[in-house]
1. In region 1-91, how many lysine pairs have Cα atoms under 28 Å apart, counting only pairs 8 or more places apart or on different chains?
2. With each run of n ≥ 4 DSSP H residues scored as -39500 (n - 2.57), what mean residue ellipticity at 222 nm is computed for the chain after dividing by its residue count and rounding to the nearest 500 deg cm²/dmol?
3. Select from region 217-253 those trypsin sites (Lys or Arg not before Pro) which occupy a DSSP coil region and have at most 13 other Cβ atoms within 10 Å, ordered by residue number.
4. So, with a 1.4 angstrom probe, what is the percent of accessible area on region 108-162 that is carbon and sulfur?
5. For region 149-295, what proportion of DSSP beta bridges, expressed in % and rounded to the nearest 5, is antiparallel?
6. From the square roots a ≥ b ≥ c of the eigenvalues of the alpha-carbon gyration tensor of the chain, which class results: rounded (a/c under 1.5), prolate (a/b over b/c), or oblate?
7. Are there trypsin sites (Lys or Arg not before Pro) in region 7-97 that DSSP marks as loop and that have at most 15 other Cβ atoms within 10 Å, and which are they?
8. Assuming 0.36 nm per residue, please report the length gained on full extension of the stretch residue 224 to residue 170 beyond their Cα-Cα distance.
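The values are calculated or read from the model by the stated rules, or taken from the named source; none is laboratory data. On a predicted model such as this, the values are computed, not experimentally measured, just so you know. So basically every Cβ, Gly included, is an ideal-geometry build from the backbone, and we count neighbours across all protein chains shown. Heads up: the accessible areas ignore ligands, DNA and RNA and are worked out on the full protein's heavy atoms, side chains in. Shrake-Rupley method; radii C 1.70, N 1.55, O 1.52, S 1.80 Å.
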Amino acid sequence: MSSHKPIRKAVFPVAGLGTRFLPATKAIPKELLPVVDRPLIQYAVDEAREVGIEQMIFVTGRGKTAIVEHFDIAYELEDTMRERGKDLSVLDPTRATPGDIITVRQQVPLGLGHAIWCARAIVGDEPFAILLPDELMVAAKGGGTGCMTQMVDAYREVGGNLVSVLEVPHEEVSSYGVIAPGASRGALTEVTGLVEKPAVADAPSNKIVSGRYILQPDVMRVLETQGKGAGGEIQLTDAMAQMIGRQPFHAVTFAGRRFDCGSKTGFVEATLALALERADMGAEVRAMAERLLRD
Ligand code: G1P
């Protein structure tokens, strides 16, 4: 048994406008765009559920209510499907235990740090997880655990605060939060510094924060007074940086695959990769892709 408080809550910041995907996201939240046949948000929620996280806290905004509908019971749909003898198990991942989907609204888009701070009353005095649904993290080919499972495993050992990291080519670091790495042991690396969207020349490494976090509730107190940072936004990275030295802070290198579904090409890549490995369509998609590449 670990002596560290269990992680029971996950925060999903989903208030973003999704302007990069317009016009697709004019009336549909970006998080509901499907990768094959599951909306993006479903993958993040499943990843949290895999490790037994119970409460899903969505930080939403105007026009995002369909995300909550997705995890509700659709009575007419289910009734009609039942009458027609259709298989309802396809809806299983969308079922939430009553009371386990909670939403708070971020009224003004002031940044990721501000979005997380909006969940402070629900998070309360417990360590919690954060999953950015844009970052689609998938278990390694041929099996393995999800990213949040690997992080919780590490957390049980070291406690404190953790971020998931991965290496990107140096010239790409300016789009991300970057860690200054200390000592490493297996997949765990000590974090000695954190900087949000540094200039390439100033980046302390090429290890970027890839959208999964386990944080102590104290970060909410830091966010309370956190000023604006990179891009004029209240940055989670800046608040986390202040926790270094006060509490343990580690990075976990995910043994698995990551797709950047915040970009259109990343989204296409994810769709293709996941379709190719599906038992029900993989062979057909492969033949299709080969034909398209030939023509
Ligand atoms: C956010 C975080 C950044 C992190 C990134 C991962 O940036 O602020 O630290 O590396 O997500 O996708 P955003 O993509 O919202 O600009």
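1. For region 1-91, the number of qualifying lysine pairs is 4.
2. -8000 deg cm²/dmol
3. 246
4. Values: 1100 of 1880 Å².
Carbon and sulfur: 58 percent of the exposed surface of region 108-162.
5. Working: 16 of 22 bridges.
Around 75 percent of the beta bridges assigned by DSSP in region 149-295 are antiparallel ones.
6. Prolate is the answer for the chain, as a/c is 1.5 or above and a/b outweighs b/c.
7. Details: sites: 8, 9, 20, 26, 30, 49, 62, 64, 82, 84, 86, 95; in loops: 8, 26, 62, 64, 84, 86, 95.
Passing both the DSSP loop test and the Cβ count: 8, 26, 62, 84, 86, 95.
8. Numbers: separation 54, 0.36 × 54 = 19.44 nm, distance 3.25 nm.
Roughly 16.2 nm would be gained on extension.
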